[in-house]
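The values are calculated or read from the model by the stated rules, or taken from the named source; none is laboratory data. Just so it is clear, the structure is predicted and the values come from calculations on it, not from any experiment. When we count neighbours, we look across all protein chains shown, and the Cβ atoms used for this are built from the backbone with ideal geometry, even at glycine. Please note that ligands, DNA and RNA were not included when accessible areas were found on the heavy atoms of the full protein model with its side chains. Shrake-Rupley method; radii C 1.70, N 1.55, O 1.52, S 1.80 Å.
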Amino acid sequence: MTEAELTLLLTVAKRVHPNFSVEDEFTFGIWFELVSEVPFEVAQSNLKEHLRKSDYPPKPASLVGDYFNKSELSVYDQQALEHKELMLSIETPEDECVPMPDSVERAIDQISNRMSFGKFGGDGVDE
């Protein structure tokens, strides 16, 4: 976040809480040091949420939120998560299959029996 973006967020906070002030350079420097690594969009969203829920003026932690507390997934964890999502997205065969018709099942059985007895040149004994 830039100093200009922080100034914008602090101006919004002052409009909602008229007694709120971060006007001296030293205090602004502390705020900027604490929140500068947070993306502006994240800080803006966190400020909006704070202003909706709290009767009190924001603090630097209000803009940071849980931005630094989020644990990053390892490459392996990320791949496992992607694999799990992929598996959940694939339709199971049971969702699309219909039972095999009896006539087809009988035909397969007959072919299988003939092959086991060598009628089609299998390894079985010829009749």
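Kindly establish whether Lys84 is open to solvent by 80 Å² or more (accessible area, probe 1.4 Å), outside any loop (DSSP other than H, G, I, E, B) and modelled with pLDDT of 95 or more.
Spelling it out, it is not the case that Lys84 is open to solvent by 80 Å² or more (accessible area, probe 1.4 Å), outside any loop (DSSP other than H, G, I, E, B) and modelled with pLDDT of 95 or more.
Check whether at least one residue in region 37-60 is among the charged types (D, E, K, R), under 19 Å from Thr2 (Cα atoms), over 25 Å from the mean Cα position of the chain (by Cα) and open to solvent by 50 Å² or more (accessible area, probe 1.4 Å), and report yes or no.
yes
Is it the case that Gly65 is surrounded by fewer than 13 Cβ atoms within 10 Å (Cβ to Cβ) and small (Gly, Ala, Ser)?
The answer is no for Gly65.
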